[in-house]
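A.B. asks: Right, I'll just put the structure down here and ask away after.
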Amino acid sequence: LYKEGDSMKKYKRLEELVNIRSGSPQFRIDETTDQSAPVYNFYGQSEIYEDLSGISSMNDDVQKKIIRTFDRVMTLNEGDLVFSLISGTASIVSGKNKGYMCTQNYLVLNPNEKVDSKYLIYLLNEDKSIQRQLQMGLQGSTVLKYSIKQVRELRIVKLPGLHIQKIIGDIYLKQLKLSALKKRVIEYEKMMLMEKLRTYK
């Protein structure tokens, strides 16, 4: 599993387990008003949390940030594993958000055959060792944003078998969706109560 001659090494760097691609540099994109140019939605924090929870946002009527350009840009496919350099959050792109433009604030991670995507999301979002590594990388930084170098060099301890990874990853994402649904029910109940209270005015 580890490099020859490095028997004391108890971890792998993330870049040894996944192929990492950075999104399109937004500042280099030539925006146009030409109506024949393709239009792209930006993949942002609301989309990554929506994909992670598995349920749509209650604010679907909020206007999405878009850009019109003839430039070739990086777009996301359904099933892509995305990592936010802004929040340090990982998720899998849903069908609803496929085709969205991936900017330099996000990375697409393509795990090798020994790593389950859902399990990797669990590790990146919940593993205390990884969280400490990310936070340490921000110390002394004037910009609270993670770097590609930090992500590449994250130390990942020896992984369990692929079957166990799949079980843990599935349970993790199902629990997140269940929690999000419970929160949504509470929000709806609050809205209904507020509406009822207004009738007493």
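A.B. asks: Amide H of I156 versus every other amide H placed in the peptide plane: which residues, excluding those fewer than 5 positions away on the same chain, fall under 5 Å?
C.D. replies: The list, which skips near neighbours in sequence, is K12, R13, L14.
A.B. asks: Go through K10/K145; K10/K98; K158/K182; K96/K196 and tell me which ones have a Cα-Cα distance over 30 Å in this structure.
C.D. replies: K10/K98; K158/K182; K96/K196
A.B. asks: With springs only between Cα atoms under 10 Å, which of D170, D51, D30 fluctuates most in a Gaussian network model of the chain?
C.D. replies: Maximum fluctuation in the GNM of the chain, among the listed residues, is at D30.
A.B. asks: Follow-up question, since we're still on this one. Given the -39500 (n - 2.57) contribution per DSSP H run of 4+ residues, what per-residue ellipticity at 222 nm results for the chain, rounded to the nearest 500 deg cm²/dmol?
C.D. replies: On the way: 5 runs with 72 residues, N = 201.
Theoretical 222 nm ellipticity from helices: -11500 deg cm²/dmol.
A.B. asks: Whole angstrom only: what separates the Cα centroid of the range 167-200 from the Cα centroid of the range 86-163?
C.D. replies: Using only Cα atoms, the two centres lie 26 Å from each other.
A.B. asks: If you place +1 on the Cβ of every Lys and Arg, -1 on the Cβ of every Asp and Glu, and leave all else neutral, what size is the dipole of the chain about its Cα centre, to the nearest 20 Debye?
C.D. replies: Details: 32 positive and 24 negative charges, 137 e Å.
Dipole of the chain, to the nearest 20 debye: 660 debye.
A.B. asks: Let me ask something else. Computed FRET efficiency, Cβ-Cβ of E16 and I171, R0 30 Å: what is it to the nearest 0.05? If you can, show how the numbers build up before the last one.
C.D. replies: Working: r = 26 Å, r/R0 = 0.86.
That gives a FRET efficiency of 0.70.
A.B. asks: List, in order, the whole-Hz ³J(HN,Hα) value for each residue of the range 184-199 obtained from phi through the Karplus relation with A = 6.51, B = -1.76, C = 1.60 and θ = phi - 60°; use x for Gly and Pro.
C.D. replies: Going residue by residue, I get 5, 4, 4, 5, 5, 4, 5, 4, 5, 5, 5, 5, 5, 5, 5, 6 Hz, with x marking Gly and Pro.
A.B. asks: Tell me, what ³J(HN,Hα) does each residue in the range 154-159 have, in order and in whole Hz, if you take phi through Karplus 6.51 cos²θ - 1.76 cosθ + 1.60 with θ = phi - 60° and put x for Gly and Pro?
C.D. replies: Whole-Hz 3J(HN,Hα) from phi for the range 154-159: 4, 8, 10, 5, 3, 7.
A.B. asks: Rolling a 1.4 angstrom probe over the protein heavy atoms, how many square angstrom per residue are accessible across the range 112-201?
C.D. replies: 74 Å²
A.B. asks: Report the FRET efficiency, 1/(1 + (r/R0)^6), for Q26 and R198, where r is their Cβ-Cβ distance and R0 is 41 Å, rounded to 0.05.
C.D. replies: My answer for the efficiency is 0.45.
A.B. asks: Read phi for every residue in the range 107-113 and hand back ³J(HN,Hα) as whole Hz from Karplus 6.51 cos²θ - 1.76 cosθ + 1.60, θ = phi - 60°, with x for Gly and Pro.
C.D. replies: Taking θ as phi minus 60°, the curve returns 10, 9, 10, 10, x, 7, 5 Hz for the range 107-113.
A.B. asks: When the chain is modelled as a GNM with alpha-carbon springs shorter than 10 Å, which of M136, M191, M101 fluctuates the most?
C.D. replies: Checking each option, the largest mean-square fluctuation is seen for M191.
A.B. asks: For the chain, what % of the accessible area comes from carbon and sulfur atoms, probe 1.4 Å?
C.D. replies: C and S fraction of accessible area: 53 percent.
A.B. asks: Moving on to the next point. Under 4 °C and 1.567 mPa s, how fast does the range 86-201 diffuse according to Stokes-Einstein, given a Kirkwood radius computed over C-alpha pairs? Answer in µm²/s, whole number.
C.D. replies: Rounded, D is 75 µm²/s.
The values are calculated or read from the model by the stated rules, or taken from the named source; none is laboratory data. For clarity, every value in this text was computed on a predicted model and none was experimentally measured. With ideal geometry, Cβ positions are generated from the backbone for all residues, glycine too; neighbour counts draw on all protein chains shown. Protein only, heavy atoms only, side chains kept; ligands, DNA and RNA dropped before computing areas. Shrake-Rupley method; radii C 1.70, N 1.55, O 1.52, S 1.80 Å.
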